[in-house]
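Notes to accompany the following structure.
Any read-out appearing in this document is the output of simple, stated calculations on the displayed coordinates, not a laboratory observation. What you see is a predicted model; the values in this text were computed from it and never measured. No Cβ is skipped: glycine too gets one built from the backbone with ideal geometry, and neighbour counts run over all protein chains shown.
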Amino acid sequence: MNKKQKYVLISAVSIIIITFIIWISSGSEIFTKTQVLIEKKDELFGWTEKQWVKKFVWGLDLTLAIDFITIILSTFIFFIFKRKKINMN
């Protein structure tokens, strides 16, 4: 394994770890959400109202998609950077 291949391998592993850290820190949701349902309670009358609020929640599906693309690209680049030994006579 040469120097370029090590950089590709380290970069790919770090991207995968970072995406899982982001997923865990954002709530470990299974699906990515762009809106969240919030219940607002009226203090005066005691009614509850459900309202959709625009909020992005990172999901496991997005994490796995990014990781899959990272693995495919890093594998391709890893084999491109393979050194070919040519004997010169």
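So here's what we get for this one:
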quantity: Nearest-20 debye value, the chain charge dipole, Cβ charges on Lys, Arg, Asp, Glu; calculated: 1000 debye
quantity: Charge dipole (the chain, unit charges on Cβ, about Cα centre) - positive-most of 16, 48, 1; calculated: 1
quantity: Neighbourhood net charge (11 Å Cβ-Cβ; Lys/Arg +1, Asp/Glu -1) for residue 23; calculated: -3
quantity: HN-Hα J in Hz across region 61-75 - Karplus 6.51, -1.76, 1.60, θ = phi - 60°, x for Gly and Pro; calculated: 5, 5, 4, 5, 5, 5, 5, 4, 5, 4, 5, 4, 5, 5, 5
quantity: Fraction of beta bridges assigned by DSSP in region 3-80 that are antiparallel (%, nearest 5); calculated: 90 percent
quantity: FRET efficiency estimate (nearest 0.05) - Cβ-Cβ, residue 10 to residue 53, R0 30 angstrom; calculated: 0.15
quantity: Sparse-neighbourhood loop sites, chymotrypsin sites (Phe, Trp or Tyr not before Pro) in the chain - DSSP loop, at most 15 other Cβ within 10 angstrom; calculated: 31, 45, 47, 81
quantity: Average Cα contact separation per residue, the chain, under 8 Å, 6 or more apart, as relative contact order %; calculated: 37 percent
quantity: Loop GluC sites (Glu not before Pro), region 20-89, which have at most 12 other Cβ atoms in a 10 Å radius of their Cβ (DSSP); calculated: 43
quantity: FRET E, pair residue 33, residue 75, Förster distance 30 Å, beta-carbon r, rounded to 0.05; calculated: 0.45
quantity: For the chain, calculated [θ]222 nm from helices alone, where every DSSP H run of n ≥ 4 adds -39500 (n - 2.57); calculated: -17000 deg cm²/dmol
quantity: Volume in Å³ per residue [convex hull over Cα atoms, computed for the chain]; calculated: 89 Å³
quantity: For region 12-17, 3J(HN,Hα) per residue [Karplus equation, 6.51 cos²θ - 1.76 cosθ + 1.60, θ = phi - 60°, Hz, x = Gly/Pro]; calculated: 5, 5, 5, 5, 5, 5
